[in-house]
Structure formats: C-alpha cells, structure tokens
Protein chains: 2
Amino acid sequence: MTSSTAEALRHHPIRLSDEERTGSVDAETFKSAFRLHPAGVAVVTADPTGDEPVAMTVSSLASVSTEPPMLVFSVSALSSSAPALERSDTVVVHMLGADHLGIAKLGATSGIDRFADRDAWRRLPTGEPVFTEVYSWLRGEIVFRLEAGNSTICIVHVVEAHLPEVAPDTAPLVYHARTWHRLGEGSTID
Amino acid sequence: MTSSTAEALRHHPIRLSDEERTGSVDAETFKSAFRLHPAGVAVVTADPTGDEPVAMTVSSLASVSTEPPMLVFSVSALSSSAPALERSDTVVVHMLGADHLGIAKLGATSGIDRFADRDAWRRLPTGEPVFTEVYSWLRGEIVFRLEAGNSTICIVHVVEAHLPEVAPDTAPLVYHARTWHRLGEGSTID
C-alpha cells in the first residue's frame, strides 16, 4: 500500500449528488430540531507544531467503541481551530463539569487568545495543551477524518486517560438551546 | 465508477494495527470517562423490508453539518437493531423530551417487542415506523457507514423534518451515568 493510499483510507469526503442536495431539509429547520437536543460539553485541544495550540468547545462528543476505545466529535470548517486540527495527529478531550464553565466559554468565544492565561494550562510531554483545572481528560490519535458538508467528523483512538481516583463533586455541564445548564439536584427521573 | 466501488466509498472499516491496539486505554477506564459526559436521547427507527421494524435508543446523536443537513449516531454491534440498520437506506430520528421517557426505555430494553403496542406507532409512506407521541423527528438517508471497533458510525443526510409549529412545553431528556434526567427549572447557568 502506498502512503497516499493509506492516507486516502483515513481521510474521506462524503459526496452528495446535486439531486440529493436539492432534497435537503433547509438549514433553519434542521437547527430548530437540534435545539430540542441537549448535549454534554467537552473541550478539544491540539498543537500540531508545538507552537500553535488550539482549543475548541464541542457539543458533538460521543463514545463510539469500547474495544478498542474510540470516540467521535465534529469540527465546523468555520472554527478557528479547524486548520490546526486538520494537521494534528493527536488531541486531548477534556470532559467538562459545570465548574468548568469558564473553560467551555473560552473554547467557544471567537477572537480571543485562548491560551493567554499561562497559569491555566500546561503542555503534556507529547505536546498537547491541557487546561489544569479540568481533572478528567482523554488523549488519543485521530484515526479517521470524514468530511461531511461544512464539518469534519474526527474518529479518535484513545491511548491515555487522566481520571481522578475519587469522583469529583461537580454537576454535569449540559448545552441546550444555546444555553449552558447544570444537571441539578433531584433531576433524576425513572 | 462501478457500483462496488461506489459502495466501498460509502462503507468503510477503520483498521488499527496490533501495535495501536496494544496502546489502548482499557475499556473500564474509557467507560468511566464517559460516565462524566451527559447526552441527549433519541430513538432511531428503520425498516429495510417493510416487515421488520426496529427501534433503538441512542445517546450518540449529534448535528454534523447544516448545509447540507447531516447528523451522526453510532450503533453497537451488540444492538438487536444492528442487522436491520445495516441493511436500511433510511432512518427516522425521534428527538425525545422528558415526557417521552417511556419510548426511550422501550428502545433501550432488550428482549421485548418494541412494536407490540400497535396504537403507539404508524408507518410513514416511505416505510419507516414513527412513534406517534413524539412530535419532533427527522427522516434521512444513511450516506456513509464507518465501522469503528465494536460499533458502526452512521452519517445521515436529512431530507424530511416533522416539527411542531409551537415549541412544546416538555423538559429536555438527558442520559447521564446510566440514569435518566430532566433538565429542571432554574438549571441555566452563565
């Protein structure tokens, strides 16, 4: 297998025909549907060169496979982090609780230097930035990229986990209808 | 392009080397990390033959692209719905609120006939089953399948939307740490 073939097998564009595109639901209706769908929040960091750290808040993180462990998230082509993520082999995925709302906002605000506070993050030996107040994160290799419309779906094979031994006492952070929420006490139903 | 080539371009297995697999985080640690990550809930239905309706509750639904509108979810190979979904060209994705907990449980309980209550669902002209108490759903074509470990990631191009004109008064349904939750009043933070 040539290296270009190998690369092609790990990066693939989804092509829709003109006829398929014409039959699409309009973007506003589609967005309305997803405003009904809450999501957990994560921050993805990377640094392909050691000199251009990026951080991006995502509401598309999901577990895909447990053996081998793989997760998925998607990156909008409009994200300022998209070019660096496109060239990164590895990422760190920070699992955010409600106590980490500041980090969630940091990774979702455009036009700011997300690494300006030098005390808020450190660099792993492997080069990726980690926000030190987030106690749970996963590090992994991007094993597949799928171009889907105006986003890229990234599949990540998880090779390192940093989890506290004792579960921290923070409420889960949820993003819903353009608003941040915490899962409150007594939210359980059955 | 031959039809087998076209098919290959829309169904792809991710292959990890033995060395990559050896470097994986263990499954229990990976699952612990995702117990920190809440998710919205959806039920995916399909019927490839008109005679074998399937329904499956997923916590992996995410919006991917708005133009064209595409969404993603993943299907465990262990799901009883996996074989039928593998052969389906189209699916219906039901967006669930807390009022639809019964449907969420129905699609997550194994060993039962999920379509036993003939009054609870109807069939669209295109053949897919719809649970009638769920007022918001999207219908789409599976445009790509990516095999990732013990799951298949499905990318769906959305071609039809059924949304109420007036937003319903139900709390969002959230799945977190193996428990169902509703986003309660006053959960907003900023």
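Just so it is clear, none of the values below were taken in a lab; they were calculated from the coordinates. Everything numeric here is computed off the predicted structure, so don't read it as measured data. A quick note on method: Cβ atoms are made from the backbone with ideal geometry, for glycine too, and the neighbour counts reach across all protein chains shown.
A single member of A:Val72, A:Val64, A:Val58 is buried (at least 17 other Cβ atoms within 10 Å of the Cβ) and over 26 Å from B:Thr90 (Cβ atoms), and it is A:Val58. Exactly one residue out of A:Val143, A:Val159 is out of contact with any His (no Cβ under 7 Å at 6 or more places or on another chain), β-branched (Val, Ile, Thr) and not in a helix (DSSP H, G or I): that is A:Val159.
Taken over the stretch A:29-81, residues that are over 20 Å from A:Thr152 (Cβ atoms), more than 9 Å from chain B (Cβ to nearest Cβ) and without any contact (Cβ under 8 Å) to a residue 60 or more places away in the chain amount to 1. If the condition is being under 28 Å from A:Arg178 (Cβ atoms) and among the aromatic types (Phe, Trp, Tyr), then the stretch A:109-147 contributes A:Phe115, A:Trp121, A:Phe131, A:Tyr135, A:Trp137. Restricting the search to the stretch A:9-28, which residues are farther than 30 Å from A:Trp180 by Cα, in a loop (DSSP other than H, G, I, E, B) and more than 7 Å from every other protein chain (Cβ to nearest Cβ)? Scanning the stretch A:9-28 gives A:Arg10, A:Arg15, A:Ser17. A:Gly149 fulfils the conditions (1) more than 8 Å from chain B (Cβ to nearest Cβ); (2) of a type outside the set (Asp, Glu); (3) in contact with an Asp or Glu (Cβ under 8 Å, 6 or more places away or on another chain); (4) on the phi > 0 side of the Ramachandran plot except for a single criterion, (1).
Taking the stretch A:66-86 as the range and being in contact with a helix residue (DSSP H, G or I) (Cβ under 9 Å, 6 or more places away or on another chain) and hydroxyl-bearing (Ser, Thr, Tyr) as the test, the residues that pass are A:Thr66, A:Ser76, A:Ser79. Taking every residue in the stretch B:128-147 that is closer than 22 Å to B:Pro168 by Cβ and pairing it with any residue that is of a type in the set (Phe, Trp, Tyr), at least 6 positions away or on another chain, the pairs with Cβ-Cβ distances below 8 Å are B:Pro129/B:Phe115; B:Pro129/B:Trp121; B:Val130/B:Trp121; B:Val130/B:Trp137; B:Phe131/B:Trp121; B:Thr132/B:Trp121; B:Leu138/A:Phe30. Looking only at residues in the stretch B:150-184 that are charged (D, E, K, R) and under 30 Å from A:Pro168 (Cα atoms), the one that is surrounded by the most Cβ atoms within 10 Å (Cβ to Cβ) is B:Arg182. Is there a residue being farther than 15 Å from B:Ala42 by Cβ, buried (at least 16 other Cβ atoms within 10 Å of the Cβ), more than 10 Å from chain A (Cβ to nearest Cβ) and aliphatic (A, V, I, L, M) anywhere in the stretch B:83-92? Within the stretch B:83-92, one or more residues are farther than 15 Å from B:Ala42 by Cβ, buried (at least 16 other Cβ atoms within 10 Å of the Cβ), more than 10 Å from chain A (Cβ to nearest Cβ) and aliphatic (A, V, I, L, M).
One line per residue, one yes/no per condition, for (1) within 21 Å of A:Ser60 (Cβ to Cβ); (2) touching a strand residue (DSSP E or B) at 6+ places or on another chain (Cβ under 9 Å); (3) not in a loop (DSSP other than H, G, I, E, B):
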| residue | (1), (2), (3) |
| --- | --- |
| B:Thr57 | yes, yes, yes |
| B:Ser60 | yes, yes, no |
| B:Ser63 | yes, yes, yes |
| B:Ser74 | yes, yes, yes |
| B:Ser80 | no, yes, no |
| B:Val92 | yes, yes, yes |
| B:Ala104 | yes, yes, yes |
| B:Ile112 | no, no, no |
| B:Asp117 | no, no, no |
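Which of the residues that make up the stretch A:93-126 are free of Cβ contacts under 8 Å to residues at least 60 places away in the same chain, of a type in the set (A, V, I, L, M, F, W, C) and within 12 Å of chain B (Cβ to nearest Cβ)? Once the filter is applied, which keeps residues that are free of Cβ contacts under 8 Å to residues at least 60 places away in the same chain, of a type in the set (A, V, I, L, M, F, W, C) and within 12 Å of chain B (Cβ to nearest Cβ), the stretch A:93-126 yields only A:Met95.
The single residue among B:Thr188, B:Thr170 that is facing chain A (nearest Cβ under 8 Å) and more than 17 Å from the chain's Cα centre (by Cα) turns out to be B:Thr188.
Condition check ((1) touching a helix residue (DSSP H, G or I) at 6+ places or on another chain (Cβ under 9 Å); (2) among the acidic types (Asp, Glu); (3) over 21 Å from A:Val143 (Cβ atoms)) across all residues:
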| site | (1), (2), (3) |
| --- | --- |
| A:Ser88 | no, no, no |
| A:Val93 | yes, no, no |
| A:Asp99 | no, yes, yes |
| A:Leu106 | no, no, yes |
| A:Asp119 | no, yes, yes |
